[in-house]
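First the structure, in the form of structure tokens, and then the observations on it.
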Amino acid sequence: MAVTTETDHARASDAAVLRAVAAGDRSAFVELFGRYAGRIKGFLMRRGASEADAEEIVQEVMVAIWRRAASFDPERAAAATWIFTIARNRRIDLVRRARRPEPDPQDPLFRPDPEPGGVARISAAEREARLRAGLAGLAPEQRRVLVAAFYEGLSHGEIAARLDLPVGTVKSRIRLAFGHLREAIGEDLAGEFGDE
């Protein structure tokens, strides 16, 4: 016959209260809150949390317990262990948030690129029209591999597999397509796309 200690009784009692919380019993939650809120706060303050932070974490922990009580498994850990693990993890999250610097709204990375002026927009439209005309003038098999490579982002091997062609043929068609584009749209525009 096993001897039941007071600790075993408390553990079983906490586990039973957690099961009731998992079933949505608000009075069980109030009881659990009464048992653990002060203990969690003291635990956190002994580990360096300010009183305000400890109170905030206690609230987060209790909300987490209410939401996740059904995930408590008494075979894996005692109720107190499960609860204090949640508290420890919330404390770690708070410390990480505190160490993360606030973004600087003046940082150039947070500013949008300026809108292009009228001349730049006209120039971009002209370049696009020249490129479309150049693509339209390509042989269909050259246009197909060029579109797959640059608009769809496929590798030479992926294009070869899709079109059932040798990789060397795909590379040759891309080179030929660039040659024709250079003639049709000019060296300056073709150079922006690069020739692989």
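The values are calculated or read from the model by the stated rules, or taken from the named source; none is laboratory data. Please read all numbers here as calculations on a predicted model, not as lab measurements. Here the Cβ positions follow ideal geometry from the backbone for every residue, glycine too, while neighbour counts run over all protein chains shown. Heavy atoms of the whole protein, side chains included, go into the accessibility calculation; ligands, DNA and RNA do not. Shrake-Rupley method; radii C 1.70, N 1.55, O 1.52, S 1.80 Å.
Work out from phi, with θ = phi - 60° and the Karplus expression 6.51 cos²θ - 1.76 cosθ + 1.60, the ³J(HN,Hα) of each residue of segment 127-143, listed in order in whole Hz, and give x for Gly and Pro.
4, 5, 5, 5, 5, 4, 5, x, 5, 5, x, 7, 5, x, 5, 6, 4
Could you report segment 10-155's accessible area per residue, 1.4 Å probe, as an integer in Å²? Working shown, then result.
Numbers: 9660 Å² over 146 residues.
Accessible surface, normalised per residue, equals 66 Å².
Do any trypsin sites (Lys or Arg not before Pro) in segment 11-104 lie in a DSSP loop with no more than 13 other beta carbon atoms within 10 Å, and if so, which?
On the way: sites: Arg11, Arg19, Arg26, Arg35, Arg39, Lys41, Arg46, Arg47, Arg67, Arg68, Arg76, Arg88, Arg90, Arg91, Arg96, Arg97, Arg99; in loops: Arg47, Arg76.
For trypsin sites (Lys or Arg not before Pro) across segment 11-104 that sit outside H, G, I, E and B with at most 13 neighbouring Cβ atoms in 10 Å, the list reads Arg47, Arg76.
HN-Hα J couplings of segment 43-48 from phi, Karplus 6.51/-1.76/1.60, θ = phi - 60°, integer Hz, Gly and Pro as x?
Coupling constants for segment 43-48: 4, 5, 5, 5, 9, x Hz.
For Met62, Met45, write out the residues from largest to smallest accessible area, computed with a 1.4 angstrom probe and no ligands counted.
These residues rank, largest area first, as Met45, Met62.
Note down the magnitude of the dipole of segment 35-170 about its Cα centre, charges +1 on Lys and Arg C-beta and -1 on Asp and Glu C-beta and zero elsewhere, to the nearest 20 debye.
Working: 23 positive and 19 negative charges, 132 e Å.
Using Cβ point charges on Lys, Arg, Asp and Glu, segment 35-170 gives about 640 debye.
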